[in-house]
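The values are calculated or read from the model by the stated rules, or taken from the named source; none is laboratory data. Since this is a predicted model, take the numbers as computed values, not measurements. Cβ placement follows ideal geometry from the backbone for every residue including glycine, while neighbour counts extend to all protein chains displayed. For accessibility, only protein heavy atoms count, side chains too; no ligands or nucleic acids. Shrake-Rupley method; radii C 1.70, N 1.55, O 1.52, S 1.80 Å.
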Amino acid sequence: TLVLNSTFDDDTNPMSRDGPPNRLMQKLLRELQAISTLMRMVQLPFQRGLTSAWMGSGERRFQQLVDVISLAYRLLKQICKENERNALELHQYTPTIRDHLGKGMSCTITLKEIYVGKRKLL
């Protein structure tokens, strides 16, 4: 629901919805420290011994975890969409996001959204 409410669009699929950002929701999620909470959630399985190589292996036993992490990255993308302040906060997690590239966790679009149209970060 958070992914759907973070943008204005008619698409009900959270992984493809990509309308204009909901600025109020972005601000609320920032103030609730959603960015750091989501990144802690994304990092936790790997801190407990799971490797990102296992996640990218396509094994069924990891599919639900991959889905949850993908949704978390999608929400992070929407939180940063056209919002430099949120992108700046997420920027500190760039090394973690880069470690997850190519593992099927949909983090590429999140990494891209951190920098798109944000000259301060470039």
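Being within 18 Å of residue 3 (Cβ to Cβ) and buried (at least 17 other Cβ atoms within 10 Å of the Cβ) is the filter here; which residues of segment 31-69 pass it?
34, 35, 38, 39, 42, 66, 69
Conditions tested, residue by residue: (1) without any contact (Cβ under 8 Å) to a residue 40 or more places away in the chain; (2) not aliphatic (A, V, I, L, M).
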site	(1), (2)
62	yes, yes
87	yes, no
93	no, yes
107	yes, yes
117	yes, yes
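Can you tell me which condition residue 106 does not meet? The list is (1) at pLDDT 90 or above; (2) among the hydroxyl-bearing types (Ser, Thr, Tyr); (3) within 14 Å of the chain's Cα centre (by Cα), and all the others hold.
Here residue 106 clears every test but (1).
Per-residue answers, yes or no, for (1) touching a Leu at 6+ places or on another chain (Cβ under 7 Å); (2) closer than 16 Å to residue 87 by Cβ; (3) of a type in the set (Val, Ile, Thr):
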{"site": "15", "(1), (2), (3)": "no, no, no"}
{"site": "18", "(1), (2), (3)": "no, no, no"}
{"site": "27", "(1), (2), (3)": "no, yes, no"}
{"site": "32", "(1), (2), (3)": "no, no, no"}
{"site": "35", "(1), (2), (3)": "yes, yes, yes"}
{"site": "43", "(1), (2), (3)": "no, no, no"}
{"site": "48", "(1), (2), (3)": "no, no, no"}
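Among the residues of segment 49-63, are any part of a helix (DSSP H, G or I), aliphatic (A, V, I, L, M), touching a helix residue (DSSP H, G or I) at 6+ places or on another chain (Cβ under 7 Å) and closer than 21 Å to residue 8 by Cβ?
no
Which one of 25, 15 is in contact with a helix residue (DSSP H, G or I) (Cβ under 7 Å, 6 or more places away or on another chain), farther than 13 Å from residue 114 by Cα and open to solvent by 70 Å² or more (accessible area, probe 1.4 Å)?
15
On the basis of being more than 16 Å from residue 114 (Cα to Cα) and either in contact (Cβ under 8 Å) with a residue 12 or more places away in the chain or under 16 Å from the mean Cα position of the chain (by Cα) (or both), does residue 72 make the cut?
Working: more than 16 Å from residue 114 (Cα to Cα): no; either in contact (Cβ under 8 Å) with a residue 12 or more places away in the chain or under 16 Å from the mean Cα position of the chain (by Cα) (or both): yes.
For residue 72, the condition - more than 16 Å from residue 114 (Cα to Cα) and either in contact (Cβ under 8 Å) with a residue 12 or more places away in the chain or under 16 Å from the mean Cα position of the chain (by Cα) (or both) - is not met.
In segment 75-120, what residues are open to solvent by less than 80 Å² (accessible area, probe 1.4 Å), outside any helix (DSSP H, G or I) and touching a strand residue (DSSP E or B) at 6+ places or on another chain (Cβ under 9 Å)?
81, 83
Taking segment 3-37, which residues are within 11 Å of residue 78 (Cβ to Cβ) and not in a loop (DSSP other than H, G, I, E, B)?
Those that are within 11 Å of residue 78 (Cβ to Cβ) and not in a loop (DSSP other than H, G, I, E, B): 3, 4, 5, 7, 21, 25, 26, 29, 34.
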